[in-house]
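The values are calculated or read from the model by the stated rules, or taken from the named source; none is laboratory data. Here the structure is a predicted model, which is why all the values come from computation and not from measurement. Virtual Cβ from ideal backbone geometry, glycine too; neighbours counted across all protein chains shown. To get the accessible areas, we keep the full protein, side chains included, count just its heavy atoms, and leave off ligands, DNA and RNA. Shrake-Rupley method; radii C 1.70, N 1.55, O 1.52, S 1.80 Å.
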Amino acid sequence: MADHDHYEVLGVSRDASQEEIKKAYRRLARELHPDVNPGEEASERFKLVTHAYDVLSDPEQRRRYDMGGDSPFGGANGFGGFSDIFETFFGAAGGTRAARPRSRRERGQDALVRVTLDLKDVVFGVHRDIEVDTAVLCETCQGSCCQPGTGPVTCDICHGAGYVQRQVRSLLGNVVTSQPCTVCQGYGTTIPYPCVTCQGQGRVRARRTVSIDIPAGVETGLRLQLPGSGEVGPGGGPNGDLYIEVTVAPDEVFSRDGDDLLATLEVSMPDAILGTTTTIESLDGPVDLELRPGVQSGDVITVRSRGITPLRGTQRGDLRIGVHVVTPTRVDGRSRTLIEEFAKKTKPPAPRLAHFQQGLFAKLRDRFRNG
């Protein structure tokens, strides 16, 4: 059989799907079956077709066959070792790697919860109690999957092995293969009296509360991992992990630049000319500001350590405030006269061209970046 390419025997390409392989085998089997075509040549071809299908229809045997090129045995020089040969032709029970029953206890899936935070939560960190709809341990059976007072019993078909052996006719004669037991699904045991609360799953869906301390400095898109806080596994298996994905809601006043907070302070023209003191509300309380006389739009006032605590650090960023001098759009006659008198006394320079700036925010952006 080493002289025959299984793909050529079935008339399919090497990247054929399992469905294509099955269709090709069925077509050839109807044509070459001894009941339809009793000739000796057809009988030999039927054996080749059957053996080719036995190999290519099994994903593991097909993988080994592909690794060995044209050899049906796979591996280097056409052989993948005696254990592979035994497992291929005699099943797991005949090789050195004995099949084992499946465990009903499996690890639970991970869970993802999205949390929206205010910017103030990002500055200091926050404690949250989060409601999670997930799988929890069944309180009735405590994960055993059985009614209280009962337990699993050994499968009568596989006798606890989890697999059964069957004989398959091939060119090598009767070949024994091992397959998972269809009665116990490979577990080796059956549950005659499954728990009515969880339907024999060992877990139920429920809503539970998870407490988490979200550290300062997080940002949108960041995921925090809570090991063992996800779904409990089937059969009372270990929990998966819980991931908290953070979204930071926009703030009406402050924006973030790394660990710094940015804001704009609107100042009237008289206060900009004469200077003044004012108190603003930051995210953690009032801050006194002093504006020097002649402050200009685009000037930046820095308040140290009133920004965000970094995710992995203790030194807070700064609060940087850009000044925006507001020019009145309407003045009465008396005010206009005073402004004109002021202009005559101060003799301001005539308007002149300067470097183009796209408004206050472009100027502030450059000031912020240059620190």
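Observations, loosely collected:
- Candidate set: region 312-337, residues that are open to solvent by less than 60 Å² (accessible area, probe 1.4 Å) and part of a loop (DSSP other than H, G, I, E, B); chosen: the one nearest to residue 281 (Cα to Cα): 318
- Condition met for residue 129 (closer than 30 Å to residue 255 by Cα and more than 24 Å from the chain's Cα centre (by Cα)): no
- For region 48-63, the candidate set comprises residues that are in contact with a helix residue (DSSP H, G or I) (Cβ under 9 Å, 6 or more places away or on another chain) and farther than 16 Å from residue 24 by Cβ; within that set, the residue that is surrounded by the most Cβ atoms within 10 Å (Cβ to Cβ) is 61.
- Helices (runs of 4 or more DSSP H) wholly inside region 1-72 that include at least 1 residues being modelled with pLDDT under 80: 18-32, 40-56, 59-67
- In region 195-206, the residue that is nearest to the chain's Cα centre (by Cα) out of those that are open to solvent by 60 Å² or more (accessible area, probe 1.4 Å) and on the phi < 0 side of the Ramachandran plot is 205.
- Count of region 297-311 residues, restricted to those that are assigned to a loop (DSSP other than H, G, I, E, B), open to solvent by 20 Å² or more (accessible area, probe 1.4 Å) and within 20 Å of residue 120 (Cβ to Cβ), is 6.
Residues are listed down the side, and each one gets a yes or a no for (1) open to solvent by less than 20 Å² (accessible area, probe 1.4 Å); (2) within 18 Å of residue 244 (Cα to Cα):
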site: 106; (1), (2): no, no
site: 113; (1), (2): no, yes
site: 121; (1), (2): no, yes
site: 138; (1), (2): yes, no
site: 145; (1), (2): yes, no
site: 152; (1), (2): no, no
site: 156; (1), (2): no, no
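- Top-ranked residue of region 245-259 - restricted to ones that are part of a strand (DSSP E or B) and modelled with pLDDT of 95 or more, ranked as most open to solvent (accessible area, probe 1.4 Å): 247
- Residue check for residue 179: farther than 18 Å from residue 102 by Cβ and either in a loop (DSSP other than H, G, I, E, B) or polar (S, T, N, Q) (or both): no
- Search result, residues across region 207-227 that are part of a strand (DSSP E or B) and surrounded by 14 or more Cβ atoms within 10 Å (Cβ to Cβ): 210, 212, 214, 224, 226
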